[in-house]
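Report on the structure given below.
The values are calculated or read from the model by the stated rules, or taken from the named source; none is laboratory data. None of the values given here were measured: they were computed from a predicted structure. Methodologically, a virtual Cβ is constructed for each residue, glycine included, from the backbone with ideal geometry; neighbour enumeration extends over all protein chains shown.
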Amino acid sequence: MAGVTINIKDIKDYIGREIGTSKWVEITQSRVTKFAEATGDFQWVHVDAEQARTELATGRTIVHNYLLLSLMPKFFDQVVTFTGLEYGLNRGAENIRFLKPLPTGSKVRIRLKLSGLQEAANGGWLANFHILMESEDGPILKMALILLLVAAENTVQKTNVHPLSTDQHQGAAIGL
């Protein structure tokens, strides 16, 4: 279950506010290795712990930056759940900045803020979320995530439409 539940009718109340912070998650070497297997990115800085021990300043391998990005849906869903939605769609990410390398074995979390809201042509909202990912040693990634959020026409759900679960990123929901 997410930390904050926001009814889409009340989303304007959150503009400019930090919505919340996700739980800490440790990025293990096992997760990094599985990501390397899934993507084919076997650069030694990510997967060769022995070479990293002698050649990198931290003595540890470095987490793939795109692995960090791929965790956004998990973290987002820990922070917020929207009610009153017919659907939500991922409209993209902007200004993604990787601020410093993250050694494997570090813990990360995100801070989520609604930085802007714009009415969309279909009656929904284009919501711009500022996301700051941090480790225990400070910020490591920042980005803007744009989601199209469309309110349900009424509070009674149609039988052929499934309401969004707390895992809003499944299927056609948010789509990240």
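Observations on the structure shown:
- Filter result for residue 70 (at pLDDT 95 or above and surrounded by 19 or more Cβ atoms within 10 Å (Cβ to Cβ)): no
For (1) within 30 Å of residue 55 (Cα to Cα); (2) of a type outside the set (D, E, K, R), each residue gets a yes or a no:
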{"residue": "85", "(1), (2)": "no, yes"}
{"residue": "90", "(1), (2)": "no, yes"}
{"residue": "97", "(1), (2)": "yes, no"}
{"residue": "105", "(1), (2)": "yes, yes"}
{"residue": "124", "(1), (2)": "no, yes"}
{"residue": "130", "(1), (2)": "no, yes"}
{"residue": "133", "(1), (2)": "yes, yes"}
{"residue": "140", "(1), (2)": "yes, yes"}
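- All helices (runs of 4 or more DSSP H) inside segment 1-102 with 1 or more residues being of a type in the set (Phe, Trp, Tyr) and more than 21 Å from the chain's Cα centre (by Cα): 44-47
- In summary, residue 119 fulfils each of the numbered conditions (1) crowded, with 18+ Cβ neighbours inside 10 Å; (2) of a type in the set (D, E, K, R); (3) closer than 17 Å to residue 8 by Cα with the single exception of condition (1).
- Test result for residue 105, more than 21 Å from residue 31 (Cα to Cα) and either surrounded by fewer than 18 Cβ atoms within 10 Å (Cβ to Cβ) or of a type in the set (Gly, Ala, Ser) (or both): no
- Segment 1-38, residues that are surrounded by 13 or more Cβ atoms within 10 Å (Cβ to Cβ), aromatic (Phe, Trp, Tyr) and in contact with a strand residue (DSSP E or B) (Cβ under 6 Å, 6 or more places away or on another chain): 14
- Residues of segment 103-122 satisfying the condition of being more than 18 Å from residue 148 (Cα to Cα) and not in a strand (DSSP E or B): 104, 105, 106
- Among the residues making up segment 102-128, those that are in contact with a strand residue (DSSP E or B) (Cβ under 8 Å, 6 or more places away or on another chain), without any contact (Cβ under 8 Å) to a residue 60 or more places away in the chain and not charged (D, E, K, R) are 103, 118, 120, 122, 123, 124, 126, 128.
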